[in-house]
Structures are given as structure tokens and as C-alpha cells.
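Structure, as C-alpha cells:
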Amino acid sequence: MEKPRRTVLVIEDDPAIARVLQLELEHEGYRVDVAADGLSGLEKALKEPDLIVLDLMLPRMDGTEVCRRLRAKSRVPVIMLTAKDTVPDRVAGLDLGADDYLTKPFATDELLARVRARLREREPHSNVIEYRDVVMDRDRHEVHRSGKQITLTAREYALLEYLLLHRNKVHTRDELFNGVWGSDFLGDSNLIDVYIRYLRAKIDDGFHDKLITTVRGVGYTIKD
């Protein structure tokens with residue numbers, strides 16, 4: 001039986017960007033609805049599409065207010081689009097309840113990859129993450145690789161989970177720090193290097209196929 005098509009709501013006031021996103025998403029097989037301002041976007045968002053692509057700067061109601069009001073009633077995934085790229089701006093968007101954050105200008109392929117990732121998280125049985133020979137059971141809080149159970153601390157587990165859920169994106173240390181430790185945690189993002197080393201010792205050492213890739217001068221990723 002064919003799966004029902006997922007619906008993506010694009011809330012974007014720039015008609016050229018909105019049209020490109022609509023065409024690309026429809027080409028990927030999604031149903032696409034478009035809103036050109038925050039107020040009409042919120043009305044459509046409350047009808048529970050499968051995912052929302054939300055611009056930050058919108059007429060009538062800005063994206064932050066749309067996200068804030070939406071989160072009071074719904075947990076639909078939100079990917080926020082913005083021209084602002086400072087760490088405080090990203091943290092503010094995520095704190096409001098956005099599930100992901102993409103800075104303009106962006107590559108359409110990257111947006112589509114993030115849409116797929118966010119929708120995968122909402123599929124049945126998404127509490128088990130399978131990648132290559134790694135199985136992460138999020139209900140049991142267990143990780144196996146090639147059938148061998150890997151014992152991780154809570155932070156190591158959270159870091160691996162974040163990297164697996166956001167595969168194919170290179171994450172800076174600040175992004176990983178905010179995503180795993182949270183913006184309220186008082187610490188240094190260089191702590192990421194320490195925990196990457198701990199995690200590699202358990203999840204990569206002794207295995208031919210290495211999971212975690214270092215991108216020099218940028219950060220870390222797990223690639224498909």
C-alpha cells in the first residue's frame with residue numbers, strides 16, 4: 001500500500017523563494033501549501049501539516065511569534081529560515097520551539113535533507129535509530145554496534161543521538177554544545193572535543209568503518 005503524501009507548509013513572504021521551495025518540495029513528492037504572511041501562516045499551521053518551513057521575517061506577524069503561538073498548541077516540526085546567523089539568534093529560534101534552523105542563502109538540497117530528517121523522526125518506530133551497523137534504542141537507552149552493546153554515559157549518548165538524528169550536516173562546536181548541553185548550561189564549547197574523543201573511543205575504536213568525521217576548521221558530522 002502506497003504511503004500517503006506528507007504535507008509541508010511554507011510560510012515565506014518572498015514570492016520567488018516561496019515558489020522555488022514549492023516546486024522543489026512538490027518534485028520530492030510532498031503536498032505543499034504556501035502562506036505569505038505570519039497571520040495566515042499561523043492559521044494554516046494550526047491545521048496540523050506534517051512539517052512547517054517558517055521564515056523569520058514576515059509581515060503581519062513575525063516568525064518568532066508564529067512559532068511561539070504554534071508551540072502552545074502543536075508539536076508539528078518547524079524548520080526556521082532566517083538571514084540572521086549569530087549564535088544568539090540560532091539559540092533564540094531553537095528556544096522558541098523550532099526543530100531546526102537554516103540560514104539564508106541556503107542550498108535547496110540541504111533544506112530537503114533536513115525536511116526528510118525531521119519527518120523521519122515522526123515516523124512509527126522512530127524510537128529506534130538504525131544506521132549502518134549501529135542500532136540506538138531510544139526507549140531502552142541502549143546502543144549496539146555490529147551486535148555488540150556499547151556502554152555510554154548520558155552525555156556521550158546524547159551527543160551520538162544528536163549526530164545520528166542530524167546526519168549529513170557538519171555541526172560546529174557551538175551547535176553541538178547548544179543542541180546537547182543546552183544554551184543554559186554554563187561551560188565551554190571546547191568540551192565537545194573532549195566528548196567526541198570519549199565517544200570515538202567507544203563507538204569507533206576497534207571498528208573498520210568510522211562513524212564520526214572531523215571537518216577541519218568547522219566541526220563534526222556523521223555522513224550517509
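Any read-out appearing in this document is the output of simple, stated calculations on the displayed coordinates, not a laboratory observation. Computed from a predicted model, the values in this text were never measured in an experiment. Don't worry about glycine lacking a Cβ; one is built from the backbone with ideal geometry, like all the others, and counts go over all protein chains shown.
The table for this structure:
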read-out: Once the Cα gyration tensor of segment 10-53 is diagonalised, semi-axes √(5λ) in Å; value: 17, 14, 5
read-out: Cα long-axis angle, helix 154-165 against the chain (0 to 90 degrees, to the nearest 10); value: 50 degrees
read-out: Relative contact order of the chain, pairs being alpha-carbon contacts under 8 Å that are 6 or more residues apart, as %; value: 12 percent
read-out: Highest to lowest packing among 137-149, 70-82, scored as the average C-beta count within 10 Å; value: 70-82, 137-149
read-out: Selection from 191, 54, 111, by position along the positive dipole direction of the chain (Cβ); value: 191
read-out: Proportion of all alpha-carbon pairs of the chain beyond 33 Å (%); value: 20 percent
read-out: Percent of alpha-carbon pairs separated by more than 16 Å within segment 1-76; value: 45 percent
read-out: Cα-based helix-to-principal-axis angle, 191-203 vs the chain, degrees rounded to 10; value: 60 degrees
read-out: Residue-averaged [θ]222 nm for the chain, counting only DSSP H segments that reach four residues, each worth -39500 (n - 2.57); value: -11000 deg cm²/dmol
read-out: Rule-of-thumb Rg ratio for segment 129-224 [Cα; 2.2 N^0.38 Å; N residues]; value: 1.02
read-out: Residues of type lysines that residue 169 reaches as a straight line, Cα spacing below 16 Å, ignoring anything fewer than 8 places off in the same chain; value: 104, 223
